[in-house]
Amino acid sequence: MRAHALETRMSNSLAGAVIAFDLDGTLVDTALDLTGTLNVLLAEEGIATLPADEIRPFIGKGARWLVERGFQAAGVELSQADGARLFERFIAHYGDHCADASQPFPGVEAALDALAAQGAVLAVCTNKRTDLSHKVLDAFDLTRRFAAVIGADLAPAAKPDPRHLQLAVEAAGGSLARAVLVGDAATDVGAARAAGAGLILVSFGYTETPARDLDHDILIDRFADLPAACVRLLGACDP
């Protein structure tokens with residue numbers, strides 16, 4: 001009887017919790033398609049392309065930032081007009097190639113299943129546009145796992161603004177008092193800290209400052225450790 005009660009309690013240990021995820025560099029390794037699109041733009045403008053590893057840390061603040069920062073790294077400061085033109089070109093090309101080389105990080109699906117089995121509701125809170133986020137998630141049959149997908153275009157302001165996270169959590173039917181953001185970069189840190197939500201960072205994402213050096217509650221190196229980290233952070237069950 002006691003064993004059954006403990007098993008039931010553990011199975012519902014995340015009941016009422018919303019676990020929100022960043023997308024690029026957290027759920028899905030999208031770097032090659034994003035950096036590849038930027039390099040297409042550089043080549044079209046007659047500018048030498050950049051190594052993917054050099055561009056990768058610029059991912060996470062949205063496509064406009066990636067274009068501006070990428071061209072800056074190539075030695076070109078964009079005018080406002082050129083920035084707008086290249087941003088539109090980036091969106092058009094990336095929309096057709098957003099899942100050519102991208103893949104979910106190892107263990108993502110099993111971790112999402114485990115979180116849902118423990119009662120958590122899942123959401124996506126990303127600075128990527130919502131339509132592009134759906135394209136990426138749809139490509140790997142991940143969209144159905146999330147109660148809400150909130151890109152920067154649906155939020156009052158993008159991460160690190162806490163209202164982005166608040167909207168994602170509320171759209172999933174939860175509250176910030178029982179929410180965790182799983183991310184990889186300073187934008188996630190800023191949003192979670194300002195919103196008062198728990199914060200778990202992955203060590204393998206895209207960030208100019210290493211995740212280990214950012215403020216976080218828990219750092220994980222693999223998705224297999226995520227469910228237990230969420231339980232521990234939310235204090236939903238005894239150790």
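May I ask for the distance between the Cα centers of the range 96-158 and the range 164-239, given as a whole number of Å?
Taking the Cα centre of the range 164-239 as reference, the centre of the range 96-158 is 15 Å away.
Which one, 84, 14, 115, is farthest towards the positive end of the dipole of the chain when Lys and Arg carry +1 and Asp and Glu -1 on their Cβ?
14
Cut-off is 10 Å between beta-carbons; in what order do 231, 28 appear when sorted fewest neighbours first? All intermediate terms of the calculation are to be shown ahead of the outcome.
Details: 231 20, 28 26.
Arranged by neighbour count, lowest to highest, 231, 28 become 231, 28.
Gain in length, residue 116 to residue 147, computed as 0.36 nm per residue apart minus the alpha-carbon separation, to one decimal in nm?
Numbers: separation 31, 0.36 × 31 = 11.16 nm, distance 1.10 nm.
The span from residue 116 to residue 147 would gain 10.1 nm if fully extended.
Using unit Cβ charges (K, R positive; D, E negative) and no other charged atoms, how large, in debye to the nearest 20, is the dipole of the range 31-97 about its Cα centre? If you can, show how the numbers build up before the last one.
Details: 6 positive and 10 negative charges, 39 e Å.
So the dipole magnitude of the range 31-97 works out to roughly 180 debye.
Taking neighbour counts of Cβ atoms within 10 Å as a proxy for exposure, in what order, fewest first, do 216, 134 appear?
On the way: 216 20, 134 17.
With the sparsest Cβ surroundings first, the list reads 134, 216.
Dividing the alpha-carbon Rg of the range 115-239 by 2.2 N^0.38 Å yields what?
On the way: Rg = 13.7 Å, N = 125, 2.2 N^0.38 = 13.8 Å.
Cα Rg divided by the expected 2.2 N^0.38 Å: 1.00.
With an 8 Å Cα cut-off and a minimum separation of 6 or more residues, compute the relative contact order for the range 31-97 in percent. Walk me through the intermediate numbers first.
On the way: 54 pairs, mean separation 24.4, N = 67.
This gives 36 percent for the range 31-97.
Using the C-alpha atoms of the chain, what convex hull volume per residue, in cubic angstrom, is computed? Present the calculation step by step, with values, prior to reporting the outcome.
On the way: hull volume 27.1 nm³, N = 239.
Spelled out: Cα convex hull of the chain, divided by residues, is 114 Å³.
So if I place +1 on the C-beta of Lys and Arg and -1 on the C-beta of Asp and Glu, and nothing else carries charge, what would the dipole magnitude of the chain be about its Cα centre? I want it in debye, nearest 20. If you can, show how the numbers build up before the last one.
Numbers: 20 positive and 32 negative charges, 162 e Å.
Around 780 debye, computed over the chain.
In cubic angstrom, how much convex hull volume per residue do the alpha carbon atoms of the range 10-145 span?
Numbers: hull volume 14.1 nm³, N = 136.
Considering the Cα atoms of the range 10-145, their hull volume per residue is 104 Å³.
Working out 0.36 nm times the residue gap between residue 88 and residue 53, then minus their Cα-Cα distance, what length gain in nm do you get to one decimal? List each step's numbers first, then the result.
Working: separation 35, 0.36 × 35 = 12.60 nm, distance 2.36 nm.
Here the answer is 10.2 nm.
In percent, how large is the relative contact order of the chain, given Cα pairs closer than 8 Å and 6 or more residues apart? If you can, show how the numbers build up before the last one.
Values: 456 pairs, mean separation 60.3, N = 239.
Value for the chain: 25 percent.
Would you kindly calculate the mean projected area, averaged across all directions, of the convex hull enclosing the Cα atoms of the range 47-97, in square nanometres? All intermediate terms of the calculation are to be shown ahead of the outcome.
Values: hull surface 14.3 nm².
The orientation-averaged projected area of the Cα hull of the range 47-97 comes to 3.6 nm².
Using 1/(1 + (r/R0)^6) with R0 = 45 angstrom and r between the beta carbons of residue 194 and residue 45, what's the FRET efficiency to the nearest 0.05?
Details: r = 37 Å, r/R0 = 0.82.
Efficiency at R0 = 45 Å is approximately 0.75.
Using the charge dipole of the chain (Lys, Arg: +1 at Cβ; Asp, Glu: -1 at Cβ; taken about the Cα centre), state which of 98, 35, 52 has its Cα farthest towards the positive end.
98
Points 7 angstrom from Cα along the Cβ direction at residue 175 and residue 77: gap in nanometres?
Inter-label distance under the simple model: 4.9 nm.
Only Lys, Arg, Asp and Glu count, each charged at its Cβ (+1, +1, -1, -1), so figure out the dipole size of the range 58-116 about its Cα centre, rounded to 20 debye.
On the way: 5 positive and 8 negative charges, 48 e Å.
Roughly 240 debye, rounded to the nearest 20.
No lab work stands behind these numbers, since they all come straight from the coordinates. Since the structure is predicted, the reported quantities are computational estimates derived from the model, not experimental observations. Positions of Cβ are backbone-derived with ideal geometry, glycine not excepted, and every protein chain shown enters the neighbour counts.
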